[in-house]
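First the structure, in the form of structure tokens, and then the observations on it.
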Amino acid sequence: MPSEATSVPRDVVPPNVLAGRLRLSMIRLSRQLRRHEPSALTIAQLSALATVARSGPLGVGQLAEIEGLPSPAATRLADKLEEAGLVTRRANPTDRRGVHLVATAEGAALLARRENVGNAWLAERLGALSMPDRLALERAVAVLESLATERPRDELAVEEGRPEAKQLTT
């Protein structure tokens, strides 16, 4: 018989129900933020640009790793961002064959505008929350940041094309 410390309270939402609610709320919040900070860029392009601006200069392989993408997808993102004038490729000073992606002034300015508009809108909404709700949200953001940066083994295995891993995720 489990002790009280290890037993799950009856009112805890099952993970599959929580996952559905979380995904839907993130989709809705993302949609509202995009309305307040419109851009011709896709979410993937914005994420890649932000990664290059914050972590650059970095190679396309590094971008792929940080963004959790296969190398060809990261290359396509880099190409699109370069075509838009938001990043540039520069020679890697330590590897003559390699290049680094660097955000251009235009790319950095675009990110700053989006961040200012989106953060202002969101900060206004957060300011209306009670202190307990804001503290709960602060903890939830830390958990979400952790979820967003961790890559489960089965996810990596699917990318590598191992069929047994695909069965785990379906």
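About the centre of its Cα atoms, the range 35-128 shows a dipole size close to 80 debye [charges on the beta carbon of Lys, Arg (+1) and Asp, Glu (-1) only; nearest 20 debye]. Convex hull of alpha carbon positions in the range 21-67: directionally averaged projected area 4.0 nm².
Across the options Gly85, Leu46, Leu24, the greatest Cα extent toward the positive end of the charge dipole of the range 22-97 (unit charges at beta carbon of Lys, Arg, Asp, Glu) belongs to Leu24. Using the average count of surrounding beta-carbon atoms within 10 Å as a protection proxy, the listed peptides 34-43, 82-91, 128-137, 58-67 rank, highest first, as 58-67, 82-91, 34-43, 128-137. Summarising the label geometry, the points placed 7 Å from Cα in the beta-carbon direction at Arg89 and Ser146 lie 3.9 nm from one another.
Per the Debye formula on identical point scatterers at the alpha carbon atoms of the range 35-128, with no solvent, log10 I(q)/I(0) at q = 0.17, 0.18, 0.25 Å⁻¹ is -0.72, -0.78, -1.26.
Here, each number is a calculation from the coordinates, and none is a lab measurement. Bear in mind the structure is a predicted one, so any value in this text is a computation, not a measurement. We place every Cβ from the backbone using ideal geometry, glycine too, and count neighbours over all the protein chains shown.
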